[in-house]
Ligand code: HEC
């Protein structure tokens with residue numbers, strides 16, 4: 001009995017000293033992680049990327065993003081998170097005129113934090129493939145393109161689909 005108690009106490013102590021759960025993988029440069037629960041966020045708009053990427057995409061926003069969109073508020077407030085999901089575009093086997101999502105390709109994230117990301121318009125960027133962040137070189141492209149093409153819309157391309 002005494003031995004059992006000792007064993008229980010020792011294992012409890014072991015648990016208490018177990019390593020903390022690993023922090024979720026984050027993007028280079030920005031340290032952006034995949035936000036929890038984004039699959040249930042509200043829909044903003046779809047997009048279609050022509051070959052060679054050949055992708056179907058959906059952009060969703062967290063509640064802060066959706067409230068800003070509803071009020072036409074620009075720039076987006078701190079706490080805004082936008083997520084773009086992408087899939088390879090494949091022909092439906094049931095109805096060949098339709099294109100449907102095939103394999104998931106990337107999940108991309110933009111997080112607004114005007115202090116932390118002051119040098120990139122207030123946005124932090126993350127691109128994930130199978131839950132893992134893409135490499136540094138890919139993350140060096142994000143800001144350049146968003147800055148060049150959508151300066152007048154707080155560096156965000158997607159508008160609420162009518
Ligand atoms: C060559 C230009 C280009 C580059 C580089 C680029 N994007 Fe985008 N991004 C777009 C376009 C265009 C859209 C609009 C939706 C679409 O067409 O897929 C978009 C949309 C997004 C969105 C949804 C919000 C919005 O602005 O519409 C996120 C999130 C995003 N990109 C993240 C990233 C990340 C992270 C990177 C870098 C790893 C990146 N982007 C690199 C062009 C670019």
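Listing for the model above:
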| quantity | calculated |
| --- | --- |
| Residue list for the range 55-81, filter: over 17 Å from the mean Cα position of the chain (by Cα) and on the phi > 0 side of the Ramachandran plot | 72 |
| Cross-chain or 6+ apart pairs with Cβ under 6 Å, the range 139-150 first and in contact (Cβ under 8 Å) with a residue 40 or more places away in the chain, then more than 6 Å from the ligand (Cβ to nearest atom) | 139/27; 139/28; 139/29 |
| Criterion violated by residue 161 - all others in (1) in a helix (DSSP H, G or I); (2) more than 9 Å from the ligand (Cβ to nearest atom) satisfied | (1) |
| First in the range 47-59 and closer than 17 Å to residue 156 by Cα, second anywhere and within 8 Å of the ligand (Cβ to nearest atom) and in a loop (DSSP other than H, G, I, E, B), Cβ under 8 Å, 6 or more apart | 47/158; 59/158 |
| Set 49, 70: member being more than 10 Å from the ligand (Cβ to nearest atom) and surrounded by fewer than 16 Cβ atoms within 10 Å (Cβ to Cβ) | 70 |
| Hits in the range 103-149 - residues which are surrounded by fewer than 17 Cβ atoms within 10 Å (Cβ to Cβ) and more than 29 Å from residue 90 (Cβ to Cβ) | 113, 114, 115, 116, 118, 119, 136, 140, 144, 147, 148 |
| Looking only at the range 128-138, and only at residues there that are within 14 Å of residue 29 (Cα to Cα) and in contact (Cβ under 8 Å) with a residue 60 or more places away in the chain, the one that is nearest to the ligand (Cβ to nearest atom) | 134 |
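Read the figures in this text as sums done on the coordinates, not as results from a lab. Remember, predicted model here, so these are calculated numbers, not experimental data. Cβ: placed from backbone, ideal geometry, glycine included. Neighbour counts: every protein chain shown.
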